[in-house]
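Here the structure is laid out as structure tokens; the discussion comes afterwards.
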Amino acid sequence: MPSAGTILVVDDNRDTNEALVRLLAWRGYRVVPAFDGRQALDYLRGGGKPSLIVLDMHMPGIDGRGFRAEQLADPALARIPVIVYSVDHEATLPDAVAHVEKGFDVDALLDLIPAVCAQRALEGGSNRLPL
């Protein structure tokens, strides 16, 4: 079982969001769902400290690029790593730690998460759940 950390899942597709939340929770992570970029930013600016953000690129309102731009503009949020998880293999962010094609490579996503959370812990980011 991986070291438990908090993962923010940002995806407007409720079925995909719910499936990822359940799968990651089953794997031992605390998972916070957000259904658009604004909701994710509100969570982060309200004090949420995830070890990792799993980000869909195509969402109404603030999409993945808009979310990431606002995240990077805030020094308190900029160091939180992002994995892009999108149906569009061409939807990339150059500064994301990884890009995984949605629906086709869930195992690749699950393999990446422990490594990213462990690296975040080494860099001094929160990677443990409060007791």
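The values are calculated or read from the model by the stated rules, or taken from the named source; none is laboratory data. It should be emphasised that the depicted structure is a prediction, and the values quoted were computed from it without experimental measurement. Cβ placement follows ideal geometry from the backbone for every residue including glycine, while neighbour counts extend to all protein chains displayed. In case anyone asks, the SASA skips ligands and DNA or RNA and just uses the protein heavy atoms, side chains included. Shrake-Rupley method; radii C 1.70, N 1.55, O 1.52, S 1.80 Å.
Please tell me if Gly28 is within 21 Å of Ala98 (Cβ to Cβ) and open to solvent by less than 50 Å² (accessible area, probe 1.4 Å). Considered against the rule, which asks whether it is within 21 Å of Ala98 (Cβ to Cβ) and open to solvent by less than 50 Å² (accessible area, probe 1.4 Å), Gly28 comes out as yes.
Among the residues of the stretch 59-79, those that are in a loop (DSSP other than H, G, I, E, B), closer than 22 Å to Glu18 by Cα and either charged (D, E, K, R) or in contact with a helix residue (DSSP H, G or I) (Cβ under 7 Å, 6 or more places away or on another chain) (or both) comprise Met59, Gly61, Ile62, Asp63.
Of all the numbered requirements in (1) part of a loop (DSSP other than H, G, I, E, B); (2) touching a strand residue (DSSP E or B) at 6+ places or on another chain (Cβ under 6 Å), Val54 misses one, and that requirement is (1). Counting only residues that are loosely packed, with under 15 Cβ neighbours inside 10 Å and modelled with pLDDT of 75 or more, the stretch 91-106 holds 1 of them. Among the residues of the stretch 35-90, those identified as under 24 Å from Pro114 (Cβ atoms), among the aliphatic types (A, V, I, L, M) and buried (at least 16 other Cβ atoms within 10 Å of the Cβ) are Ala40, Leu44, Leu52, Ile53, Val54, Leu55, Met57, Leu77, Ile80, Val82, Ile83, Val84. Scanning the stretch 16-25 for residues that are buried (at least 16 other Cβ atoms within 10 Å of the Cβ) and over 16 Å from His58 (Cα atoms) turns up Leu20, Val21, Leu24. Report yes if Val9 is open to solvent by less than 30 Å² (accessible area, probe 1.4 Å), in contact with a Pro (Cβ under 9 Å, 6 or more places away or on another chain) and either in contact (Cβ under 8 Å) with a residue 24 or more places away in the chain or aromatic (Phe, Trp, Tyr) (or both), otherwise no. Against the criterion (open to solvent by less than 30 Å² (accessible area, probe 1.4 Å), in contact with a Pro (Cβ under 9 Å, 6 or more places away or on another chain) and either in contact (Cβ under 8 Å) with a residue 24 or more places away in the chain or aromatic (Phe, Trp, Tyr) (or both)), Val9 qualifies.
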